[in-house]
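Let me begin by presenting the structure, written as structure tokens, before commenting on it.
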Amino acid sequence: MLGNYFYHELIRKTVIGFGMLFNNVHIRHQNRTGGDLTDLKVPIAYGPVQKFLARIEQQPDLNKAVAMTLPRMSFEMTSLQYDSTRKAGVTQTFKASDGTNLKKVFLPVPYNIGFELNILCKINDDALQIVEQILPFFQPAFNISINLIDSIGEKRDVPIVLDNISFQDDYEGDFATRRALIYTLSFTAKTYLFGPIANTTDGLIKKIQVDYYADTATNSKRELRYIATPQANKDYNSDNTDELSQDIGLDTTLIGVRNTTGFVAGNRIRIDTENMYVKEVPNSSQLIVVRGYNNTTVATHVESTKIDLLTAADDVLIEPGDDFGFSESLFSYTDSRDFSPTLQTDIWVNWYVK
């Protein structure tokens, strides 16, 4: 299992998403009349606060062009920890599509990523302006949407939780020493890590079968079977079987067609975005139908609109994410047989152990 290479850049995307939260913070200085003298966008960079403090201490000359300017912000990832409170089944999977192929994906593993955001200023009012632009959004969490895995369209909201706020003023030394006020905000990002994603040959579920028993005794026999299979709600093969010979309204159930040769009772047809069920073919130019079949919306249709026949060929072409209906069947049994999941057939009960 280990050694199967994959890399979804999930931690990297979470780090980038966290940093982008704070990349548009401004501070303003005003004159005595309340007008704005300056409007400064506060720069932010990834890195530990110790590195920025070292640069400040090694460049004490405030007038030096290459000195680091304050205020500024820095952030870094400080921890990575498994979150058992959001644990899901380790073997559960779901199916996803990349637009062409169906893929099998194991449920993601929840991890908490710790972050520290450091605000460095030489004027306390600058620091307070920055802090007040951040804190109201965290009560105590703020959600960001991250495209975790583009290939399957996996997009999730990741809560960023504000855990702690601390303040530090380490001003010591002579007059030439630069002062640095530091506000440190600790956050936790509740993200997810996905394992490898494999193409699956299982495909979509095409049939559901349930056998009902009269009681729970070991030797009880099935009495009723329910089978459901998906039915296409749109025409995939564009067969254009026929067309309307007249306009039809919302209440029309006897519809005129050019020729009924291609239709029999029990057919499903689609006109525009409405599906219908053919109850009867009374003559060579009319159909008696049930409107709004499979929960489609009843609508008016005009003469010469194409009629598409929905068949089993369309059912097998249903794609992941498409809307579809169901064909339901009920069967009653009085025999002593039972269904074998292994053999996929009905056999005598004493032929196998359930």
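Figures for the structure shown
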| read-out | value |
| --- | --- |
| Test: residue in segment 245-255 that is at pLDDT 90 or above and closer than 30 Å to R225 by Cα | no |
| Index of the failed condition, T334 passing every other in (1) surrounded by fewer than 15 Cβ atoms within 10 Å (Cβ to Cβ); (2) over 30 Å from K103 (Cβ atoms); (3) touching a Ser or Thr at 6+ places or on another chain (Cβ under 6 Å) | (3) |
| All positions within segment 294-323 that are open to solvent by 40 Å² or more (accessible area, probe 1.4 Å) and more than 24 Å from T252 (Cα to Cα) | A312, A313, V316, L317, E319, P320, G321, D323 |
| Residue within segment 328-347 that is touching a helix residue (DSSP H, G or I) at 6+ places or on another chain (Cβ under 8 Å), among the hydroxyl-bearing types (S, T, Y) and either part of a loop (DSSP other than H, G, I, E, B) or modelled with pLDDT of 75 or more (or both) present | yes |
| Checklist (1) closer than 30 Å to I152 by Cβ; (2) open to solvent by 30 Å² or more (accessible area, probe 1.4 Å); (3) modelled with pLDDT of 90 or more applied to V264, failing item | (1) |
| Segment 143-158: number of residues that are open to solvent by less than 70 Å² (accessible area, probe 1.4 Å) and of a type in the set (K, R) | 1 |
| Some residue of segment 159-168 being in contact with a strand residue (DSSP E or B) (Cβ under 9 Å, 6 or more places away or on another chain), assigned to a strand (DSSP E or B), of a type outside the set (A, V, I, L, M) and at pLDDT below 90 | yes |
| Residue match in segment 56-77 (condition: under 23 Å from G195 (Cα atoms), open to solvent by 50 Å² or more (accessible area, probe 1.4 Å) and at pLDDT 80 or above) | yes |
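Conditions (1) modelled with pLDDT of 80 or more; (2) open to solvent by less than 70 Å² (accessible area, probe 1.4 Å); (3) closer than 30 Å to S151 by Cβ, marked per residue:
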| residue | (1), (2), (3) |
| --- | --- |
| V109 | yes, yes, yes |
| G114 | yes, yes, yes |
| D126 | yes, yes, no |
| P136 | yes, no, no |
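The values are calculated or read from the model by the stated rules, or taken from the named source; none is laboratory data. This structure is a prediction, so every number in the text was calculated from the model and none was measured. With ideal geometry, Cβ positions are generated from the backbone for all residues, glycine too; neighbour counts draw on all protein chains shown. The protein model used for the area step is the full one, side chains on, heavy atoms only, and it has no ligands, DNA or RNA in it. Shrake-Rupley method; radii C 1.70, N 1.55, O 1.52, S 1.80 Å.
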